[in-house]
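These notes are about the structure you will find just below.
The values are calculated or read from the model by the stated rules, or taken from the named source; none is laboratory data. Everything numeric here is computed off the predicted structure, so don't read it as measured data. Don't worry about glycine lacking a Cβ; one is built from the backbone with ideal geometry, like all the others, and counts go over all protein chains shown. Calculation scope for accessible area: heavy atoms of the full protein, side chains included, ligands and nucleic acids excluded. Shrake-Rupley method; radii C 1.70, N 1.55, O 1.52, S 1.80 Å.
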Amino acid sequence: MIPHVLPTYNRADLAFERGEGSWAITTDGTRYLDLGAGIAVNALGHANPALVAALTEQAGRIWHVSNLYHIPEQERLADLLVENTFADTAFLTNSGTEAAELAIKMVRKYWAEQGDDRFEILTFEGAFHGRSTGAIAAAGSEKMVKGFGPLMPGFRQLPWGDMDALKAAISDRTAAVMIEPIQGEGGIRPLSDEDLRLIRALCDQTGALLVLDEVQCGMGRTGKLFAHEYAGVAPDIMMVAKGIGGGFPLGAVLATESAAAGMVAGTHGSTYGGNPLACAVGAKVMEIIAAPEFLAEVNRKAGLFRQKLEGLVAAHPDVFEGIRGQGLMLGLKCRVAPGDLVKAGYAEQILTVPAADDTLRLLPPLNISDEDISEAVARLDRAADRLDG
Ligand SMILES: Cc1ncc(COP(=O)(O)O)c(C=O)c1O
């Protein structure tokens, strides 16, 4: 008989009822060190007192207001996003997928407004932009699209990081290039700063819009507020989600005034997007994460973590091949199936996340303590022992 919850997930046999900082606690009281953080969502840890206060304070005032009216909490969050980024404007969504959908619509509308019929968006193999019909068409992987055709037209996937392929494909018929500065689901695969600058230059030469998907790598995860800042270039449109809500469902599309020019009243909307509860939490998350001292701490912790992980990789050459990523978006390239390591981790009470390209993802809360970093490496070491020889 089919389970009452549609069985679209492969779930581990674990159920958590509480969390404290970097720890998630099961219904039977077992404490797991959480290096998945809801796949880069619980950016400030579980039950963060500042976020609990922001949420409960808002919950005691008003939960939901339609976008038929002004929503001060939404305006405050948009102000913070614009003040801290390249963007001139922000639309709040409930998820990364919804941000992807709007980004695609915005690109199409931009060109329609110019009276130009270009619509092709260049994307990259291994990408993940969500599970809507548009987002799976954008990523185009067999695994995601099989059985869901016919796909939404207008996307062409290029080999990941292949700048020659991009140079050959991009033209003055290209509507946009859409890319994750660091692929998350694709296996913590970073684009070099040089390549991101080249993509920006190719977009400038052809007029194509640059759309960055920072759903997983944004919000302080890499040690900068957004990953593209390392390359010193800015997109025209950016998708944000995950960490921005600290666990409350929230996403955003940020855009320049020019890229967003077509998105006038009536062109897009959402019942819940920009809801006061989500935005009250999001504004608090932004206040905390955008602070330079906070980001400096992320970088310091990332340095410490990476140094310890180098020891771990060296100690288990049959299990690990190397380390990838930036800041606290780290991947251990594995010589074993990453899923086996995740399972060995459960036995050592540590939560990690597998990714494509034989990679194990480590995405701890950004405020993980130094002590918990040491504990995490000790547990990963014991998990690797279980798979050694
Ligand atoms: C880079 C990227 N884009 C988009 C999404 C989709 O976000 P959501 O699951 O919130 O819809 C994800 C989710 O993993 C992601 O990692």
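Residue-by-condition table, conditions (1) farther than 21 Å from GLY134 by Cβ; (2) touching a residue at least 12 places away in the same chain (Cβ under 8 Å); (3) assigned by TED's automatic domain parsing to the domain that holds SER258:
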site	(1), (2), (3)
MET163	yes, yes, yes
ALA168	yes, no, yes
THR206	yes, yes, yes
GLY218	no, yes, yes
THR222	yes, yes, yes
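Has region 158-177 got at least one residue that is open to solvent by less than 20 Å² (accessible area, probe 1.4 Å), outside any loop (DSSP other than H, G, I, E, B) and within 16 Å of the ligand (Cβ to nearest atom)?
Yes, because at least one residue in region 158-177 is open to solvent by less than 20 Å² (accessible area, probe 1.4 Å), outside any loop (DSSP other than H, G, I, E, B) and within 16 Å of the ligand (Cβ to nearest atom).
For ARG18, only one of the following conditions fails: (1) under 21 Å from ILE244 (Cα atoms); (2) open to solvent by less than 90 Å² (accessible area, probe 1.4 Å). What is its number?
With respect to (1) under 21 Å from ILE244 (Cα atoms); (2) open to solvent by less than 90 Å² (accessible area, probe 1.4 Å), ARG18 is out only on (2).
Hey, any hits in region 60-79 for a residue that's within 22 Å of the chain's Cα centre (by Cα) and among the aliphatic types (A, V, I, L, M)?
Yes, because at least one residue in region 60-79 is within 22 Å of the chain's Cα centre (by Cα) and among the aliphatic types (A, V, I, L, M).
I need a count of the residues in region 92-123 that are within 11 Å of the ligand (Cβ to nearest atom), open to solvent by 20 Å² or more (accessible area, probe 1.4 Å) and of a type in the set (S, T, N, Q).
Of the residues in region 92-123, 3 are within 11 Å of the ligand (Cβ to nearest atom), open to solvent by 20 Å² or more (accessible area, probe 1.4 Å) and of a type in the set (S, T, N, Q).
Among (1) within 16 Å of the ligand (Cβ to nearest atom); (2) open to solvent by 20 Å² or more (accessible area, probe 1.4 Å); (3) farther than 20 Å from ILE288 by Cβ, where does VAL41 come up short?
Against the list (1) within 16 Å of the ligand (Cβ to nearest atom); (2) open to solvent by 20 Å² or more (accessible area, probe 1.4 Å); (3) farther than 20 Å from ILE288 by Cβ, VAL41 comes up short only on (3).
Search region 248-259 for residues that are within 11 Å of ASP213 (Cα to Cα) and pair each with any residue that is assigned to a loop (DSSP other than H, G, I, E, B) and away from the ligand (no atom under 12 Å from the Cβ) when their beta-carbon atoms are under 6 Å apart and the residues are at least 6 apart or on different chains.
Pairs found: LEU254/THR85; LEU254/ALA87.
Can you pull out the residues in region 249-269 that are open to solvent by 10 Å² or more (accessible area, probe 1.4 Å) and either hydrophobic (A, V, I, L, M, F, W, C) or within 13 Å of the ligand (Cβ to nearest atom) (or both)?
Answer for region 249-269, where residues must be open to solvent by 10 Å² or more (accessible area, probe 1.4 Å) and either hydrophobic (A, V, I, L, M, F, W, C) or within 13 Å of the ligand (Cβ to nearest atom) (or both): PRO249, ALA260, ALA261, MET263, VAL264, ALA265.
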